[in-house]
Amino acid sequence: MPLTIHNTLTRTSAPFVPLHAGQVGMYLCGPTVYDDCHIGHLMGPVLFDAVARWFTVSGYRVRLVNNITDIDDKIIHRSITTGEPWLAITQRYTAQYLGYLKRLHVTSVTDHPKCSDFIPQMVAYIADLIAKNRAYVASDGVYYDVQQQAGYGKLSGRKIDEMIAGARIERDAGLRHPADFALWKQVKPGEPSWPSPWGDGRPGWHIECSVMSNETLGATFDIHAGGDDLKFPHHENEIAQGEAHGGGYACCWMHNGLIQYEGRKVGKSDERMKDPIFRQQFQADHLLDTYGAATVRFLLLQGHYRRPNDFAPSALTAARTALGRMHHALGSLLSHVGEPTLAEVTARVLAPSIARARDAFIAAMDDDFNTGAAIAQLFSVLTEAKKLSGVEHQAALLLVRDLGRFLGLFQPADVIDTARSAGDAGSEDATLGKVMSLVLHIRQQARANRDFATSDVIRDRLKDAGIVVKDAKDGASWERS
């Protein structure tokens, strides 16, 4: 069957037809680097890394662009509040983010463009929109005129008269329509700025992604991906800019589901997020240190990329247990480095029940990258393998390992990662790991706020207790002295 994708824009599924034969261009919205990563920053990279891996396995050459937003109101506010230069803030949290992607085996990303590297291109892009009468100069910057955009709202399904600008857009009485959004913001005291024909300032949020995707993938490209919460206003406005500038934009839109906790949606306005202990459960360092990066990746891929993911401890513990059982079944096969091609896997002679599961795995991935259904087939193979012996049994186990690696699972380092997070050294060590995850997070917050006295006290008291803290670019780690 052909590889089929659900397009959020058209609300339909259709066989994938690339713009250029044998190639796939993908753009994935990345994080705004002003604070510690939480799981919401990492869901998209893990899920669409699996998508990109399957494209590669299927014979495509993939270019996956995952941007870094290093110019934004939140970054500037953090800089002004703490006194730390904005560039130092963004460099620290960019390094942290890239470190987490490495731990999660996100290997398909080919480009990590930063907004600050594309300012001249953004200025030129905005000038083109003004020349085409799609944008105008107001008292505090340049704005896009949404009323000039035919079909504005087609991605989110919103009507233009019902819209208001996103939370990142400052209101101005001189706007032609309340939904008009900023392309260029004139500088304010204490803010970083760059020159433009409309005065010194900085780009708006939406123009950044339009320009970076244009510069890396072209005016029209195959797939734009991101979280479901970005449909409006961010992606809606990207479409408007892209179509006005180049006549086209992304051919297909893919959106991943968001975070849940015990079946309830989790968002910034959630009352539960006022509790620091509750908030801590979604921090990347807590999740990866407590459950292991392999478990977090496995949990995300157990469902479908378009559905929400539940990060309640019960769900994470269940995922860790299930993954541990798979690792135990595969045993020493996990130490092998590398993976075969899909052609090699499909050519293998297998027991009939195992061959059917293999074909069902491939069909699931070809059906809008249904990783959850694909992983279910891996469990089926393990169940069937118990009925086999000798060469057939070994072939079934090899199949599980190799198909799993197509999804970024079952890497050689994963067994150690999962065992440590499961607390195999004893329940006391597992509890200590959880406590240290919280302590290091509190210490990192103190460092981010330039409260180095508190940070040093925490480090010294831990040393007295027999625990050594090691600071690195991608965060702090600890070990017993």
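The values are calculated or read from the model by the stated rules, or taken from the named source; none is laboratory data. Remember, predicted model here, so these are calculated numbers, not experimental data. For neighbour counting, all protein chains shown are included, and Cβ atoms are generated from backbone atoms with ideal geometry for every residue, glycine included. To get the accessible areas, we keep the full protein, side chains included, count just its heavy atoms, and leave off ligands, DNA and RNA. Shrake-Rupley method; radii C 1.70, N 1.55, O 1.52, S 1.80 Å.
List of remarks:
- Crossing angle, helix 119-131 versus the chain [Cα axis fit, 0-90 degrees, rounded to tens]: 50 degrees
- Close amide H partners of residue 478, meaning residues 5 or more places away or on another chain with modelled amide H under 5 Å apart, are 470.
- Its Cα gyration tensor gives the chain an equivalent ellipsoid, and the semi-axes of that ellipsoid, as √(5λ) in whole Å with the largest first, are 40, 31, 17.
- Taking a ≥ b ≥ c as the square roots of the eigenvalues of the Cα gyration tensor, an a/c ratio of 1.5 or more together with a/b no larger than b/c marks the stretch 1-147 as oblate.
- Cut-off under 5 Å, modelled amide H: who pairs with residue 252 long-range: 223, 224
- In order along the stretch 58-63, phi translates into HN-Hα couplings of 7, x, 8, 9, 9, 10 Hz, rounded to whole numbers, per the Karplus curve 6.51 cos²θ - 1.76 cosθ + 1.60 with θ = phi - 60° and x for Gly and Pro.
- Charge tally around residue 150: other residues with Cβ under 13 Å, Lys/Arg +1 each, Asp/Glu -1 each, net 0.
- With all protein chains in place and a 1.4 Å probe, the accessible surface of the stretch 45-121 carries 56 percent carbon and sulfur.
- 3J(HN,Hα) along the stretch 332-337: 5, 4, 6, 6, 5, 9 Hz, from the Karplus curve 6.51 cos²θ - 1.76 cosθ + 1.60 with θ = phi - 60°, whole Hz, x for Gly and Pro.
- 11 Å beta-carbon shell around residue 114, net charge (K/R +1, D/E -1): -4
- From phi via Karplus (6.51, -1.76, 1.60), per-residue ³J(HN,Hα) for the stretch 289-299 in Hz, x at Gly/Pro: 6, 7, 10, x, 4, 4, 5, 4, 4, 4, 4
- Taking other residues whose beta carbon is less than 11 angstrom from the beta carbon of residue 23, and scoring Lys, Arg as +1 and Asp, Glu as -1, yields +1.
- Percent antiparallel among DSSP beta bridges (both partners in the chain, rounded to 5): 55 percent
- Cα→Cβ-extended label distance, 7 Å offset, between residue 262 and residue 229, nm: 2.0 nm
- Looking at the chain, the accessible area is 43 square angstrom per residue; that uses a 1.4 Å probe and ignores ligands, DNA and RNA.
- For the stretch 312-372, diffusion coefficient by Stokes-Einstein and Kirkwood Rh (Cα), 25 °C, 0.890 mPa s, µm²/s: 174 µm²/s
- Pairs over the 20 Å Cα-Cα cut-off, from the set 159/231; 74/114; 274/463; 114/185; 231/268; 74/102: 274/463; 74/102.
- Distances between placed amide hydrogens fall under 5 Å for residue 33 paired with 69, all partners being 5 or more residues away or on another chain.
- Spin-label model, residue 14/residue 110: points 7 Å from Cα along the beta carbon direction are separated by 2.4 nm.
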